Amino acid sequence: SGVMSLLRPLLVDVIPTIQQTAALALGRLANYNDDLAEAVVKGNILPQLVRSFPEQNRFYKKTAAFVLRAVGKHSPQLAQAIVQCGALEMLVICLEDFDLEVKEAASWALGYIAQHNSELSQAVVDAGAVPLLVLCIQEPEIALKRIAASTLSDISKHSPELAQTVVDAGAIAHLAQMILNPDAKLKCRVLSALSQIAKHSVDLAELVVEAEIFPVVLRCLMDSDEYVKKNGATLIREIAKHTPELSQLIVNAGGVAAVIDCIGSCRGTVRLPGIMTLGYVAAHSEILSMAVIVSKGIPLLHACLLEEHEDHIKAAAAWALGQIGRHTPEHARAVAVANVLPTLLAMYMDTSSSEDLQMKASIFTKRALKNILQKCTHLPALEPLLHDAPPNIMKHIVGQFSKVLPHDRKARRLFVTTGGLKKVQEIKAEPGSLLQEYINTINNCYPEEVVR
């Protein structure tokens, strides 16, 4: 109906209320979808908004920042249009405004621009926003703290350099102090910002740890809010993944037990970062993997395999179990005794899941099975698998029997009475294949008439 062209002249009307209401209408249109946001850009409305910024009152500034946010949120291209019309400088000036709501609106708009990619995030940094955002998180107003923390998170997430800029402005110490703030939404944003900083490198993760976030952050894992739990576990995951030393620090602080309790107290995607944390900790070394076993991590990860319906969560649990069991026969035995192997095998052979995820889940499950089987010498756990496993998994199972049986008389006798040896004779292996070699090694442990 040509509303855009009718609203544009109203932005310079002599009556301030009309200007604000026109800007609000444009903001609500742009907020609705990207086509309307594009119409605002094409209607040459942004330069008009920016030009009249300095001489306007706080209500207009707040509404103008809302229009910029509504346009910038949809796509990098629309956010770029905001940068090109010189709006960032105006938004940064608004961060210094005495009115808290103007600061809030400006911070929100900057976050929506920075979230898209590192170039836009860099533009926000170059405009001088970061030190002012760090001042905003120190304001007493909770809503402003939330949005400023969220914007710092959006700036930090793209690259180590951008995260370093946030760190250099002194953000970590102030964020770390707010981890136990009673406001759940603020806690979520603060944990997210610290995660986005810690994820990039060992140095950045160490700086986050040095702000004494342990054991404080572990309390977030028991929070009543699901998102606080999830973001708390994500922060621990981002620290654990880097080095054995950082993982050891988490173990020493009681982090593994807290993560396991957290996984046990929730369902669905909230569990995912906790599951990944256990996998990362266990992957680093035999000792750290044993810490996960001692804290009873295996039964819980097995429960995740059985209870969860989403492939990516099951795949993560399978991966974590593979990391626990891959170190020594003792580690593999701990996984095998918990009856995990039949579940993993059933999951690997399940074809009911969506194809793309099934592919990924299948790769993780196969790798986990292989990691555990190659170390597992606990034959009672392996034997049931002889009846169901496909050929590519079968060779690893039979391989383990061929390693143990020649040196264990009791196991040899048991292998005959339980029907294991009979099952091995039924396996159809390619002549000359590795599987055939393993079968021959097993058969050579017995007199010929027993094999027959």
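The values are calculated or read from the model by the stated rules, or taken from the named source; none is laboratory data. Just so we're clear, the structure is a prediction, and the values are computed from it rather than from any experiment. Note: ideal-geometry Cβ built from the backbone for every residue, glycine included; neighbour counts use all protein chains shown. Only protein heavy atoms, including side chains, enter the accessible area calculation; ligands, DNA and RNA are left aside. Shrake-Rupley method; radii C 1.70, N 1.55, O 1.52, S 1.80 Å.
For the range 1-103, the Kirkwood estimate of hydrodynamic radius, built from reciprocal distances between every pair of different alpha carbons, is 13.4 Å. In the frame of its principal axes, the range 297-438 has Cα extents of 42, 32, 23 Å, reported largest first.
Roughly to the nearest percent, how much of the accessible area of the range 244-377 is carbon and sulfur, given a 1.4 Å probe? Could the numbers behind the result be given before it?
Working: 3090 of 5510 Å².
Ligands and nucleic acids excluded, carbon and sulfur give 56 percent.
In the full protein context, the chain carries 45 Å² of accessible surface per residue, based on a 1.4 Å probe and ignoring ligands, DNA and RNA.
Apply the membrane-span-like helix rule to the chain: whole DSSP H runs, Cα extent along the own long axis of at least 30 Å, mean Kyte-Doolittle hydropathy at least -0.5. List the helices found. Mind showing how you got there, number by number?
Numbers: long enough: none.
Taking the DSSP H segments of the chain (at least 30 Å long, mean hydropathy at least -0.5), we get none.
Please pull out the direction-averaged projected area of the range 268-342, using the convex hull of its alpha-carbon atoms, in nm² to one decimal place.
On the way: hull surface 17.1 nm².
Answer in nm², one decimal: 4.3.
The apolar share of the surface of the range 386-451, taken as the fraction of accessible area on carbon and sulfur atoms (1.4 Å probe, ligands and nucleic acids excluded), comes to 52 percent.
Note the direction-averaged projected area, equal to a quarter of the hull surface, for the Cα convex hull of the range 386-451, in nm². Numbers along the way, then the final one.
On the way: hull surface 16.6 nm².
Over all viewing directions, the range 386-451 projects a mean Cα-hull area of 4.1 nm².
Extending 7 Å from Cα along the Cβ direction at residue 118 and again at residue 142 yields two label points whose distance is 3.7 nm. As a length-normalised measure over Cα pairs under 8 Å and 6 or more apart, the relative contact order of the chain settles at 7 percent.
Calculate the tail of P(r) for the range 114-247: the fraction of all Cα-Cα distances greater than 27 Å, expressed in %.
Details: 1037 of 8911 pairs.
The answer is 12 percent, as a whole percent.
Relative intensity of the range 67-148 on a log10 scale, I(q)/I(0) at q = 0.14, 0.23, 0.25, 0.26 Å⁻¹, equals -0.39, -1.03, -1.19, -1.27, per a Debye sum over C-alpha point scatterers of equal strength in the absence of solvent.
Restricting to DSSP H runs of at least four residues, report the calculated mean residue ellipticity at 222 nm for the chain, -39500 (n - 2.57) per run over all residues, nearest 500 deg cm²/dmol. If you can, show how the numbers build up before the last one.
Values: 32 runs with 333 residues, N = 452.
Estimated from H runs of four or more residues: -22000 deg cm²/dmol.
A cut-off under 13 angstrom between Cβ atoms defines the neighbours of residue 402, and their net charge, with Lys, Arg +1 and Asp, Glu -1, is +1.
Across the cross-link table entries 296/360; 370/428; 157/229, which are compared at the Cα atoms, the separations over 22 Å belong to 296/360. For the chain, the normalised intensity computed at q = 0.08, 0.11 Å⁻¹ comes to -0.61, -0.89 (log10 of I(q)/I(0), Debye sum over alpha carbons, equal scatterers, no solvent). A crude spin-label estimate for the pair residue 31 and residue 452, with each label 7 Å from Cα along the Cβ direction, gives 8.7 nm. Highest mean packing first, where packing is the average number of other Cβ atoms within 10 Å per residue, the peptides 151-160, 398-407 line up as 151-160, 398-407.
Only protein atoms count toward the accessible area here, which uses a 1.4 Å probe; on the range 1-100, the carbon and sulfur part of that area reaches 57 percent.
Above 20 Å, the calculated P(r) of the range 149-220 contains 19 percent of its Cα-Cα pairs.
If R0 is 25 Å, what FRET efficiency do you get for residue 227 and residue 286 from their C-beta distance, rounded to 0.05? Mind showing how you got there, number by number?
Working: r = 35 Å, r/R0 = 1.39.
Once rounded, the FRET efficiency stands at 0.10.
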